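Structure first, commentary second.
The values are calculated or read from the model by the stated rules, or taken from the named source; none is laboratory data. Everything quoted here is computed from the prediction, not taken from an experiment. Here the Cβ is made from the backbone with ideal geometry for all residues, glycine too, and neighbour counts use every protein chain on show.
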Number of protein chains: 2
Amino acid sequence: MSATGAPDDELLARVFLTRVVEPGDEAGGRWVREFGAREVVRRLRDGGRPLPGVSARRWTGLRARAEQAEPHRDLAAAREAGVRFVCPGDGEWPGQLDDLGDARPLGLWVRGRPSLRMWALRSVAVVGARACTEYGAHMAATIAAGLAEQGWVVVSGGAYGVDGAAHRGALGAGGATVAVLACGVDRPYPQGHTELITRIADQGLVVGELPPGDHPTPSRFVLRNRVIAALTRGTVVVEAAHRSGSLATARAARRLGRHTMGVPGPATSGLSAGVHELLRTDAVLVTDAADVVELVGAMGELAPERRGPVLPRDLLGPATREVLAALPARRAAPATEIARSAQTSADDAVARLYELRALGYVERHGDGWKLTRQATTSLRGGRGPC
Amino acid sequence: MSATGAPDDELLARVFLTRVVEPGDEAGGRWVREFGAREVVRRLRDGGRPLPGVSARRWTGLRARAEQAEPHRDLAAAREAGVRFVCPGDGEWPGQLDDLGDARPLGLWVRGRPSLRMWALRSVAVVGARACTEYGAHMAATIAAGLAEQGWVVVSGGAYGVDGAAHRGALGAGGATVAVLACGVDRPYPQGHTELITRIADQGLVVGELPPGDHPTPSRFVLRNRVIAALTRGTVVVEAAHRSGSLATARAARRLGRHTMGVPGPATSGLSAGVHELLRTDAVLVTDAADVVELVGAMGELAPERRGPVLPRDLLGPATREVLAALPARRAAPATEIARSAQTSADDAVARLYELRALGYVERHGDGWKLTRQATTSLRGGRGPC
């Protein structure tokens, strides 16, 4: 958005392109990189020279799609559904998605209060089979809850089975979770997860590349996985048969230099066979949240809490500063107490606490939250109207 | 033995020392290497200069033990129990034990028909928890049976739990198995496995470092594990709690440059926790016999079958040559048919077939045995009185 609140041309062009170019289309990414989003839109809308490397037939197809694109209407529909569009250059854009090169999303539609950028900084993906066993659901929920308890954000795909168990595990622990969908974020998929995805949007984030109302396709599921892999510091696969999509997520994570982890299961279980295959070559064996944190927590370059707060508190948003000011000086407090003191809802307080966690200001302490030592030090002497 | 059938001095000296020096005692190994077994015995028996680095107190203790040693009696007792003593320099000595350096056994007491040297060439250890779960027993038996079906010799420790399941799995598949005991091989331990160990001695091999009648101690169990690790091409750990002895076997295998493998289990199972720990750092994940063979079969330098028979058939023992001659030219035959045709027992035929397997002459084929292509080629033109 521009300073006046009106969407700027770059953002509008990118919204336009989410209707024309499929997620992960590297040709589209290359055009945007070479000519800029606005020029690509201009050529698609007004005709003129076709983009390089596009057949006449494909060019006709793209232009037909472009004719249907109505970015102002999409943005209005999104606003109505409480959805914003975040794109490269925006303060909320998670920079690690740039690792995807030309397959980087044109932008992400985001539903939920917290800052996607902040949350993604300390996030781990927990993914796996839709048709998981009870063991798989148990492990997903337990690991996700453990990660949440240690202040990590659990990212998954909102699907049945392992994904759902991971989201629920994080929510159940009063923690943070992000669902990355392969369809419009205003359009929960699968339908049976409407309530879960609504809860995630209330307490966390629901994000996706596709514009409002758009539907999932098999290839969109596959390409969605690269976003999960790139957004997070590592991917944990809980149960996966041979040739499962979760294995693709894990391998994408590995290619991107993220940690790839697998939860072992009985050697007799077909739903662990894919994970075991992965563990033989491409992944580290983990059995609980502590194992996961031991790996992903060591990635110092993305771990600001190890170097103390990186963002001066003056740069925090006003609502986040309120929550920071609401933390007691010397003890841990539950999120509900902090919310009361900051005069906001518990969901909002948790969202801000996770932001503050990513910035090294606060840490989880049992069921509550407390200021970190670095925060106490850096706040000392000027804590008044924080 | 010397050509006259009387035990030679070297062998007698080593038998003597198995009564004096504990298994794996590196000081003992060093003395034997530096002075020769006979000189060490002479000093222990006749007094004279103590061995280097031995305290007066230890010297007294060793000499007291030496006073009790009666190697001729031990050899007679062994012969009575169908046990032979195999030591370095002997044709049956498995050369890979030399990798143990000064911790190399002084010799091994061996019960059973087959050649320990030949069987060890194509062997894999399958070890794990005594108090294993049904899952662990199932995996041990299945992997051992699969290895046996592919002509591999299954080595284990004869204990309850995983060890017993592995031995039984191999025997049940009509395959070859070796129990390495931490006590005299005439004295099955644990007592509840008397019948199993007797079956192993009938159909395979029971071996150990300790002289007839000697009993196991905790440290002897631990030191026995290095023999299992060194004897085999790789060690598979099926179930093991943290700090289990099987993990020590696996780590010994790794130090010796053998393959170290682990079978995953539920992350919730304490009896898989040790295996998972191993899999994180020191072992390759395997879920069935095919996984194991893929690893250990690749160790070309010990795999004569990949280069065709290495031993001219004239050098085979007469009984083994009989069995080789009994194999039909173009089809697979069951061991019972081969035994009939070679005029021997089925157990004996199986023992010889595994020897021939190690030498690349025969291979398992379903339930039967057939000549390998290399054998057919090398036998062609002179097959008559093979």
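Of the residues making up the range A:65-86, just one is touching a strand residue (DSSP E or B) at 6+ places or on another chain (Cβ under 7 Å), within 13 Å of A:GLY112 (Cα to Cα) and assigned to a helix (DSSP H, G or I), namely A:ALA78. Among the residues of the range B:252-260, are any surrounded by fewer than 21 Cβ atoms within 10 Å (Cβ to Cβ), of a type outside the set (Ser, Thr, Tyr), more than 14 Å from chain A (Cβ to nearest Cβ) and over 18 Å from B:VAL293 (Cα atoms)? Yes, that holds for at least one residue. In the range A:190-216, of all residues being among the charged types (D, E, K, R) and touching a helix residue (DSSP H, G or I) at 6+ places or on another chain (Cβ under 7 Å), the one that is surrounded by the most Cβ atoms within 10 Å (Cβ to Cβ) corresponds to A:GLU209. Exactly one residue out of B:ARG168, B:ARG130, B:ARG113, B:ARG187 is assigned to a helix (DSSP H, G or I) and surrounded by fewer than 24 Cβ atoms within 10 Å (Cβ to Cβ): that is B:ARG168. Of all the residues in the range B:228-244, those that are surrounded by 24 or more Cβ atoms within 10 Å (Cβ to Cβ), out of contact with any His (no Cβ under 9 Å at 6 or more places or on another chain) and either assigned to a strand (DSSP E or B) or within 12 Å of chain A (Cβ to nearest Cβ) (or both) number 3. Residues in the range A:263-289 that are in contact with a Gly (Cβ under 7 Å, 6 or more places away or on another chain) and more than 9 Å from chain B (Cβ to nearest Cβ): A:LEU271, A:LEU278, A:ALA283, A:ALA289.
Among all positions in the range A:60-68, there is no residue which is crowded, with 24+ Cβ neighbours inside 10 Å and touching a Gly at 6+ places or on another chain (Cβ under 8 Å). Return yes when A:LEU75 is modelled with pLDDT of 95 or more and assigned by TED's automatic domain parsing to the domain that holds A:VAL20 and no when it is not. Here the answer is yes, as A:LEU75 does meet what is asked. Every condition in (1) buried (at least 24 other Cβ atoms within 10 Å of the Cβ); (2) at pLDDT below 95; (3) not β-branched (Val, Ile, Thr) is met by B:GLU149 except one, and the failing one is (1). None of B:ASP202, B:ASP186 is touching a strand residue (DSSP E or B) at 6+ places or on another chain (Cβ under 7 Å) and in the same structural domain as B:VAL275 (by TED's automatic domain parsing) except B:ASP186.
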